[in-house]
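Heads up: the structure comes next, in C-alpha cells.
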Amino acid sequence: MKIAVCIKRVPEMDVAFKIAPSGTAIDETGLKWDISDFDGYAVEAALQMTEKSGAGEVHVICLGPDVVQETLRKALSMGCARAVQLKVDKVPFDPFAIATALAAELKDGGYDLVMFGKMSIDSASGAVGLMVADILGVPMVQGCSKLEIADGKGTARREIEGGGEIVSFPLPAAVSIDEGIARPRYPSLKGIMSAKKKPLETKPAQLGEIRLTVEKMELPAGRAAGRIVGEGSAAVPELVRLLKTEAKVL
Amino acid sequence: MPHVLVFAETRGGELRKVAFEAVTAARQLATQIGGDVHAVVAGAPGVGGNATALAEHGADVVYVCEHGALANYNAEACAALVAERAGAGDYRAVVFAASAQGKDLAPRTAARMRTTIATDVTSFRVDGDALVVTHPGYTGKVVQTLRLSGSPALFSVRPGAVAAEKVQGAGRVEQVPPPVDPSASRVVVTSVALGDTKKLDLGEAPVIVSGGRGLRSAENFKLVEDLAAAFGNAAVGATRAVTDEGWRPHTDQIGQTGRLVSPDLYVAVGISGAIQHLAGMRTSRWIVAINKDKEAPIFKIADFGIVGDVFEVVPALTEAVKAAKQGG
C-alpha cells in the first residue's frame, strides 16, 4: 500500500506565546518546532499499517519554507521512505489555497491512502484534508480515532458528541487522524542515520487563490487572579454560597 | 438582496442545540445585511417536521431534503446539497455549526464550491466586502482575527459561542430533492455507537466536573461522577494523564489535544493544572479547583479554590450541592 501523509511544522505549545510587532503573527523567537500533534499520529498510523502488511511505503509532504526540511527529515527518520517540500516563503492561513497545492502534488502519485492530522495545532482550521480529498475526488473520513484497511476497503471510527460513528469507505481514499490511534515513535539512531540518505525533493507550491488572511493576532484576555476560599471540607459551605450568589450556577 | 444560508444539524431526525445556535448566527448576520435566513435540513422522511422550530429561531425559508439514505449523517450527500442550495440563490454567507458533524461538512462543502472557509469562529461581522471573524488558535492561547473575502463567505460557529434566540421567521417550507443520489455515497455511516444517551456531552453541558491524577485510580472517579450527578446538568471530563492511564476513555480528555470546553462552571478535582490541560478549559466562565497542593497552578486561574484532600472535600461538596438543588 502506498500512503502519503501531509504534515505541518508548528511551534511547541507548552509556552506563553508573544505577539510579533506586526500584530499578525506570533513572535517566533526561541520557539521549538516539531510535527503538529495530530499529523504525528497520522505518520505513526501510516508506518504501522505498512509495517503490519509488510508491503508498501509512506511518503511525507510538507508545505513551507526551507526550515520544514528539518521536520520532513524527522518523518524520514521515523521510517517514511520519501519526502517532498512544497516550497513557499510563508505558509498562508487559507486552507483552500494550501489544499490546492497539496492536491496538485498528490494527484498523480498513485496513493492508495492520503492521511492528515484532524487539524494543525496552530491555525486549527481542520479543513485542509477534507478539501484535498474533494479536489482529488476521493472519499474522505475526517477525525478517525480507529482505522482498519483490508481488501481495498477501509473502516473507521469518528468521535461525535456522546459517542462514535462507524464509517466504511473504498480505497483510494483520504482520512484525517484524531488522538488515540497511535503514539508517534521516537526516531532511532539507525533511523536518523538512514534518513540522511533518503530522498527529499523540493518543488514550488502551486497555491490556490488566497481569500482568508490573518488581520490580527492577540493574546486572550487574562483571567483574574485566583482566590482560595478555604481549606478542607470546612470551606464547602462558603464555596456553595459563592456558587449561588456570585457565580449564580446553583 | 443577498440572504444567509444555514445548515441545521440533526441527529436521529431531531435538531441539535447547535442547529439553533447556527440559525441564530445566520439571523444576526442577515439582520446586518438586511436579508433573509434560509435554512437547510436533511434527513429521513419526516425530518421536515423540524421546520416549525427552525422558523421560531428566525428561518424565513426552510429547505427540506428527505431521503431514506439521509437517516444517518451522509457527508457526501449533505455537502452536495448545501453547495447546490448555495449556488441556487443570492447568498452573502453560508453558516454551519463547528460540531463533530459540521467540522466534517463545512470544509467539504467549501471545497465542493471551490472556495475557502473560516472554521470554528467565536465572533463574526460584515466589514465592507469582507467578513471579519475571530478564531482561537495555538490551543486557545492566541485569538486570530481573520478577514474572509468573496461571496458567499462560508464559516462555522463554535458551539456555545452564540446563544440560540427565539425570533419568529416566515418559515416557508420548500421540499427539495437531493442533487445527488444519497444511496450512492462512498463514505457510509454503518452504525452510530452512542454511550449513555442521557449523558451530557462535554461540549454542551453547562457544568463540567473533571478529574486528574489526584484521584489515584479509575474507581475513585465515582467521586467525580457523584458530584456531576448532584449538579444534574454536568458532564464528566478528565486530564490527559488520566486518559493515558486508561482510567477514562480518550474522548473524555480536556486539553490542548483533547476537547476544548467553556462551560458555565468547571470543577477541577485533583487537577494540578498543567498548561496542556489549562489550554482546554481556561475559557470556562467560572472555575472551581479542589487540590491538596496549595501551590498547584490550577489555583492561579480558579475563581474559587479549596485546598484540601479531594477524598474529604468532594463528598462534602456533593452533599452540599444536592441540598442546594433540593432546597433552592
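The values are calculated or read from the model by the stated rules, or taken from the named source; none is laboratory data. Predicted, not measured: the structure shown is a model, and the values here were computed from it. Glycine also receives a Cβ, built like all others from the backbone with ideal geometry; neighbour counts cover every protein chain displayed.
Of everything in region B:179-204, what is under 22 Å from B:Ala53 (Cβ atoms) and either out of contact with any Gly (no Cβ under 9 Å at 6 or more places or on another chain) or more than 12 Å from chain A (Cβ to nearest Cβ) (or both)? Give them in sequence order.
B:Lys198
Going by what's in this entry, would A:Ser123 be described as touching a Gly at 6+ places or on another chain (Cβ under 7 Å) and at pLDDT below 95?
On the way: touching a Gly at 6+ places or on another chain (Cβ under 7 Å): yes; at pLDDT below 95: no.
In short, no.
Test of understanding: among B:Ala69, B:Ala80, B:Ala100, which residue is surrounded by 19 or more Cβ atoms within 10 Å (Cβ to Cβ) and in contact (Cβ under 8 Å) with a residue 12 or more places away in the chain? Walk me through it before giving the result.
Working: B:Ala69 fails: surrounded by 19 or more Cβ atoms within 10 Å (Cβ to Cβ); B:Ala100 fails: in contact (Cβ under 8 Å) with a residue 12 or more places away in the chain.
So the residue among B:Ala69, B:Ala80, B:Ala100 that is surrounded by 19 or more Cβ atoms within 10 Å (Cβ to Cβ) and in contact (Cβ under 8 Å) with a residue 12 or more places away in the chain is B:Ala80.
Tell me, yes or no, whether region B:248-255 has at least one residue that is part of a helix (DSSP H, G or I), more than 9 Å from every other protein chain (Cβ to nearest Cβ) and on the phi < 0 side of the Ramachandran plot. Break it down stepwise before answering.
Here is the first cut: in region B:248-255, the ones part of a helix (DSSP H, G or I) are B:250-252.
Filter once more, so that each one left must be more than 9 Å from every other protein chain (Cβ to nearest Cβ): B:252.
Those left that are additionally on the phi < 0 side of the Ramachandran plot: B:252.
Within region B:248-255, one or more residues are part of a helix (DSSP H, G or I), more than 9 Å from every other protein chain (Cβ to nearest Cβ) and on the phi < 0 side of the Ramachandran plot.
Does region A:128-149 hold any residues that are at the interface with another protein chain (Cβ under 7 Å from one of its Cβ atoms), over 21 Å from B:Thr251 (Cα atoms), without any contact (Cβ under 8 Å) to a residue 40 or more places away in the chain and touching a Pro at 6+ places or on another chain (Cβ under 9 Å), and which are they?
A:Met131, A:Asp134, A:Pro139 - these are the residues of region A:128-149 that are at the interface with another protein chain (Cβ under 7 Å from one of its Cβ atoms), over 21 Å from B:Thr251 (Cα atoms), without any contact (Cβ under 8 Å) to a residue 40 or more places away in the chain and touching a Pro at 6+ places or on another chain (Cβ under 9 Å).
Under 7 Å between Cβ atoms, at least 6 apart or on separate chains: pull out the pairs that start in region B:272-292 with a residue that is farther than 20 Å from B:Leu215 by Cβ and end on any residue that is surrounded by fewer than 19 Cβ atoms within 10 Å (Cβ to Cβ).
B:Ile275/A:Asp14; B:Arg282/A:Arg223; B:Arg285/B:Asp264; B:Trp286/A:Ala247; B:Trp286/A:Val249; B:Trp286/B:Asp264
Enumerate the pairs (first residue in region A:230-250 and in a strand (DSSP E or B); second residue anywhere and crowded, with 17+ Cβ neighbours inside 10 Å and at pLDDT below 95) with beta-carbon separation below 8 Å, excluding pairs fewer than 6 apart on the same chain, so at least 6 apart or on different chains.
Every condition considered, no pair remains.
State which residue is nearest to B:Met281 (Cα to Cα) when the search covers only region B:210-247 and only residues that are more than 18 Å from the chain's Cα centre (by Cα) and within 12 Å of another protein chain (Cβ to nearest Cβ).
B:Arg240
Looking for whichever is of a type in the set (A, V, I, L, M, F, W, C), surrounded by 24 or more Cβ atoms within 10 Å (Cβ to Cβ) and in a strand (DSSP E or B) here; the options are A:Leu72, A:Leu86, A:Leu63. Which one fits?
Values: A:Leu72 fails: in a strand (DSSP E or B); A:Leu86 fails: surrounded by 24 or more Cβ atoms within 10 Å (Cβ to Cβ).
Step by step, each of A:Leu72, A:Leu86, A:Leu63 is checked, and only A:Leu63 is of a type in the set (A, V, I, L, M, F, W, C), surrounded by 24 or more Cβ atoms within 10 Å (Cβ to Cβ) and in a strand (DSSP E or B).
Within region B:299-320, is even one residue hydroxyl-bearing (Ser, Thr, Tyr) and part of a loop (DSSP other than H, G, I, E, B)? It would help to see each step written out before you state the result.
Filtering region B:299-320 for residues hydroxyl-bearing (Ser, Thr, Tyr) gives B:318.
Still in the list and also part of a loop (DSSP other than H, G, I, E, B): none.
No, region B:299-320 contains no residue that is hydroxyl-bearing (Ser, Thr, Tyr) and part of a loop (DSSP other than H, G, I, E, B).
What number of residues in region B:256-300 are more than 9 Å from chain A (Cβ to nearest Cβ) and touching a Phe, Trp or Tyr at 6+ places or on another chain (Cβ under 8 Å)?
Residues that pass the stated criteria total 5.
In region A:112-127, which residues are free of Cβ contacts under 8 Å to residues at least 40 places away in the same chain and buried (at least 24 other Cβ atoms within 10 Å of the Cβ)?
Residues of region A:112-127 free of Cβ contacts under 8 Å to residues at least 40 places away in the same chain: A:123-125, A:127.
A:Ser123, A:Ser125, A:Ala127 - these are the residues of region A:112-127 that are free of Cβ contacts under 8 Å to residues at least 40 places away in the same chain and buried (at least 24 other Cβ atoms within 10 Å of the Cβ).
In region A:150-161, which residue that is more than 7 Å from chain B (Cβ to nearest Cβ) and among the aliphatic types (A, V, I, L, M) is nearest to A:Val91 (Cα to Cα)?
Among residues in region A:150-161 that are more than 7 Å from chain B (Cβ to nearest Cβ) and among the aliphatic types (A, V, I, L, M), the one nearest to A:Val91 (Cα to Cα) is A:Ala156.
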